[in-house]
Amino acid sequence: MTLEEVKNKEQKYMMHTYGRFDAALVSGKGSVAYDESGKEYVDFTSGIGVNCLGYCDDGWVKAVSDQASTLQHISNLYYSPLQGEVSEKLIGLTGLSKVFLCNSGAEANECAIKLARKYSFDKYGKGRNKILTLVNSFHGRTVTTLAATGQDVFHDFFFPFTEGFDYVEANNTEDLKNKFTDDVCAVFMELIQGEGGVMPLTQEFVNTAEELCKEKDALLMIDEVQTGVSRTGSVYCFSQFGISPDVVTSAKGLGGGLPIGACICGEKLSDVLGPGTHGTTFGGNPIACAAAKEVLSRVTTPEFLSEVAQKGEYIREKLSEMKNVREIRGMGMMIGIVTEKDNAKQIAAKCVENGLLILTAKNLLRLLPPLNITYDELDKGLSILKTVMEE
Ligand SMILES: *Cc1c(COP(=O)(O)O)cnc(C)c1O
């Protein structure tokens, strides 16, 4: 199929929910994807932070295809050995206590929201159900996670939204204190706002949120759907802030390209969601779990993590030498670039033309390269970016 044919079919048969770049990708290896004509694209996106081991990594392919030819799905009516293995690994990596496995970031966040409300209901009864999220956050596309998302553009059309959210200005501790009324049962936030423009929270703000949550027995819930799975240089970003959250949600990179999400909670929440209170047909699917097991065994070693940090530094160094770069934000291999000319969208489109896949977030350029990208691939991509930035 030619690009035109591919585009015609999507135009004719699909809901037009996505603005897409002008490329149809059909295969990939490592950090390089290929379109239908054989043109090569260096990938600085990982499919929005998903393919943390790049395209068709040998170990990942073997884990997934072995599992596909062994057992592809059982319902959650039966025990699944892989679910326990993935959960054990997540508990070891987070120091938390229990895991619920699901299929996406929004689903992991839905679970966190239900957990917070039921914990509070069980202990304090009705009426204490407000969850504070942050202005400019992003938590997903379901009606409830849209309500949790602190951006007015997402609060249109689909009324009525789920009640019980209030929005605190990120890094404004006064605003947090003022909005932390007695009906608050949880604070839910990203430590680096991803879709909101690669905006890290300050240590002071995060510490204040943790203190207030402790003082008022509200849950500190961290959305690590984008920052998790070694993206920022630690397995989960919260450890770099030195905090102990009650709930952590994870998805995107967790399956390295297959849909899996996790809501991970601390000891005091272990028994809040009992039989019949929550569930999913696909959640914890054996193939997705086999993928997650492979990913978690690969990206969490000290050597791998220090390479992520080093590559992050390397990218930053190269970016700082480019024209049109005003500011570089983020941690590890989650990087946002404010351009002097405020032309991120045009640059991203031009990069695709020139063979580089790159993301935007608000008016920033955003890089989420595969965590195992080679320096050769990095140099190739950075040189395309430099050419486009300096045109
Ligand atoms: C992508 C994202 C989500 C939504 O994840 P989906 O898998 O698309 O449902 C939620 N929170 C954050 C921080 C994200 O980056």
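Just so you know, all these numbers are worked out from the coordinates, no wet-lab data involved. All of these numbers come straight from a predicted model, not from anything done at the bench. Cβ coordinates were reconstructed from backbone atoms using ideal geometry, including for glycine residues, and neighbour counts include every protein chain displayed.
Values as computed for the structure displayed
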item: Cut-off under 5 Å, modelled amide H: who pairs with residue 149 long-range; result: 139
item: Over the range 300-380, equivalent-ellipsoid semi-axes from the Cα gyration tensor in Å; result: 22, 14, 11
item: Within the range 341-371: backbone nitrogen closer than 17 Å to the residue 326 label point (7 Å, Cα to C-beta); result: 341-348, 360-366
item: Isolated Cys in the chain, by beta carbon distance under 4.7 Å; result: 52, 56, 102, 185, 213, 237, 265, 289, 351
item: Segment residue 353-residue 1, length gained on full extension (0.36 nm per residue, minus Cα span); result: 124.8 nm
item: Förster radius 35 Å - calculated FRET efficiency between residue 169 and residue 267, Cβ distance, rounded to 0.05; result: 0.65
item: Ellipticity estimate at 222 nm from DSSP helix runs (n ≥ 4, -39,500 (n - 2.57)) divided over the chain, nearest 500; result: -11500 deg cm²/dmol
item: Rounded to whole Hz, the Karplus (6.51, -1.76, 1.60) HN-Hα couplings of the range 332-342, x for glycine and proline; result: x, 9, 10, 10, x, 10, 8, 9, 4, 8, 6
item: Helix axis angle, 286-299 relative to the chain longest principal axis, alpha carbon, degrees; result: 80
item: The range 302-315 - phi-based ³J(HN,Hα) in whole Hz, Karplus 6.51/-1.76/1.60, Gly and Pro as x; result: x, 5, 5, 5, 6, 5, 4, 4, 5, 5, x, 4, 4, 4
item: Hz values of 3J(HN,Hα) by residue in the range 262-271 - Karplus curve (6.51, -1.76, 1.60), Gly and Pro given as x; result: 9, 10, 10, 10, x, 3, 5, 9, 3, 10
item: Amide H partners (placed H, <5 Å) of residue 361, local residues excluded; result: 366
item: Rounded to 10°, Cα long-axis angle of helix 81-94 versus longest principal axis of the chain; result: 80
item: Distance between the range 131-183 and the range 301-327 - C-alpha centres, whole angstrom; result: 32
item: Sequence ranges 66-76, 201-211, ranked by mean other-Cβ count within 10 angstrom, highest first; result: 201-211, 66-76
item: Cα gyration tensor category, rounded, prolate or oblate, for the range 121-269 with a/c compared to 1.5; result: rounded
item: Cα-projected label distance for residue 207 with residue 15, points at 7 Å along beta-carbon direction, nm; result: 4.6
item: FRET efficiency, 1/(1 + (r/R0)^6) with R0 22 Å, evaluated for residue 297 and residue 62 via beta carbons; result: 0.95
item: Taking the C-alpha atoms of the chain, convex hull volume expressed per residue in Å³; result: 149
item: Other-chain or far-sequence residues with amide H under 5 Å of residue 169's (modelled H); result: 135
item: Cα-based Rg and Dmax for the range 20-124, where Dmax is the largest Cα-Cα distance (Å); result: 18.8, 61
item: Listed peptides 368-375, 265-272, 20-27 by packing density, highest first (mean Cβ within 10 Å); result: 368-375, 265-272, 20-27
item: Simple spin-label estimate for residue 239 and residue 156 in nanometres, 7 Å along Cα-Cβ; result: 4.2
item: Highest-first arrangement of 91-101, 220-230, 164-174, 327-337, where packing means the average Cβ count within 10 Å; result: 220-230, 327-337, 91-101, 164-174
item: Cα-based helix-to-principal-axis angle, 344-353 vs the chain, degrees rounded to 10; result: 50
